[in-house]
């Protein structure tokens, strides 16, 4: 063992090269499928199946986009809009409520605190898909399935957000600061919104983003709840199109271009907000 | 035991301050959590205890209390248990492969051996922004024997056959989540104080030794967290195989437990589907809990 640790320059070069090869191959693995999707989006229906998959043929991207947006009275745009509304408002409210709850659990002492926290933690371990069917049964009692609210309301709840918010509030909001605010006569709720919320910003952005992704990716709940396709999120819409490809072959182009366009908003959101969420990501694991 | 109960008693005696603020902070989440988490769980349990009875062959169906009848049916349902076995096999193979891959990438990113870290970090994370449904559609085409850019391979080796399709789905899930898990582990690695490694480096340890004997044990909590989420995700497997049903007939209507729940509820046999949901939720809960306790115990020793 001891001779390995000599760290000769030659050995260093060898391990550096090996490391870069692993990174290079991994990059291909992760990015080639997306590259293929992009290339596929630029091709006409004939060329999609007749030309090499990983390189351009005639550049038809904008015609494809125009056709996609026009197809079926622009239902694709409707789906994208639905996804954006479900995900952004759901994540916004969800983050706010999770932050308030986690903050209270971290910063106040009251009976039942641990019970509430443990119940919420238990909620983290309950698979969301196990809730989809009973939620459908409950909403059908009120004739409320196949509505916007049947998908929106259940998406707001984020037990993991509460968990993250509690850890972050405990670590980043000092008790002395709250005491000082109290001495200044500020109310507890006002202190939360004016002072503590700011200190918790990295955690809040993290919670928001991950809940946004969770809602954007949600499939089972809309699949079970919705029949009216004007209420579909884009994932469910593309799924139904994809399952019709065998009957309506021309729809394949729309599946490819639609899939490509639908991942762009999330990639942009992650890239532009990365300085926030990268700090918050590790918080859940470091106790 | 006795020492911990003393401060707790003391805390009880002091009156609770800021009651109103606490109520305001807790209420919104508590109401929604009760309505959309606790109530559905209770509802599922209630529904699972009902059976449908008819007056005669053509009588009106009525739901009556049937005790554990549905659970007996679930335990006798071979298709459901085949599905459970399938995702268990999937999890035993896919979760360690994915987390091992994520750990290797995180350690490489954290080591001085790699240049261009910022690029790699983002490149590996991009698939996480792709929803499972979209990823499955994409890979479905990449696997296809005639439309794939790798048709030279996929036309000779059928990735959508009954024996291979489970692992083709495993690859889709791995592709989406490696980068996410890598970032969680990598953030934990970044949080470690660098002085820890200085002593080892002065003693002549190389990067591999530092990684194996210092870094991995220290980021174990992060790995455990990613493992638990992966286990939950595996038992929930639904979107990817459901999408694959339009690419191949190898994915049956009871391929995973959740697809079985969906199919059963569409029959409609909601009570049996509810019982399946409850069994699945309890199994998930127990598995994550046991795994958590098991790894904590191990860590203490």
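FYI, it's all coordinate maths here, none of it is from the lab. Given the structure is predicted, the values throughout are model-derived calculations rather than measurements. Note: ideal-geometry Cβ built from the backbone for every residue, glycine included; neighbour counts use all protein chains shown.
Using C-alpha pairs under 8 Å with a sequence gap of at least 6, the mean separation divided by the residue count of chain B gives a relative contact order of 25 percent.
Which of these, A:174, A:159, A:202, has the largest mean-square fluctuation under a Gaussian network model of chain A (Cα springs below 10 Å)? Among A:174, A:159, A:202, the largest GNM mean-square fluctuation belongs to A:174. Note on the protein assembly as shown: helix-only mean residue ellipticity at 222 nm, from DSSP H runs of 4+ residues weighted -39500 (n - 2.57) and normalised by residue number, equals -22500 deg cm²/dmol. With the simple model of a label 7 Å out from the Cα in the direction of the Cβ, residue A:73 to residue B:75 spans 5.2 nm. Result for chain A in a Gaussian network model with C-alpha springs under 10 Å: among A:237, A:185, A:102, the largest mean-square fluctuation is at A:185. Starting from the Cα gyration tensor of segment B:81-300, take the square roots of the eigenvalues, sort them a ≥ b ≥ c, and report rounded, prolate or oblate (rounded when a/c is under 1.5, otherwise prolate if a/b is larger than b/c, else oblate). Taking the square roots of the gyration eigenvalues as a ≥ b ≥ c, segment B:81-300 is oblate. Taking every residue in B:73-83 and counting other chain Cβ atoms within 10 Å of its Cβ, the average works out to 0.
Projected onto their three principal axes, the Cα atoms of segment A:37-160 cover extents of 68, 35, 23 Å, largest first.
Summary value for segment A:4-63: 26 percent relative contact order, contacts being C-alpha pairs under 8 angstrom separated by 6+ residues.
Peptide A:24-36 is shielded by partner chain Cβ atoms: per residue, an average of 5 of them sit within 10 Å of its Cβ. A simple packing score, the average count of other Cβ atoms within 10 Å per residue, orders the peptides B:132-140, B:39-47 as B:132-140, B:39-47, with the highest score first. Annotation: peptides B:240-247, A:248-255, ranked by per-residue average of other Cβ atoms within 10 Å with the highest first, follow the order B:240-247, A:248-255. Building the convex hull from the alpha-carbon atoms of chain A and averaging its projection over directions returns 24.0 nm². Within the listed set B:82, B:281, B:35, the residue fluctuating most in the Gaussian network model of chain B (springs between alpha-carbon atoms under 10 angstrom) is B:35. On full extension, the segment bounded by residue B:158 and residue B:34 gains 39.9 nm, given 0.36 nm per residue less the C-alpha separation. Based on C-alpha pairs under 8 angstrom that are at least 6 apart in sequence, chain A has a relative contact order of 27 percent.
Applying 1/(1 + (r/R0)^6) with r as the Cβ-Cβ distance of residue A:32 and residue B:190 and R0 = 25 angstrom yields a FRET efficiency of 0.35.
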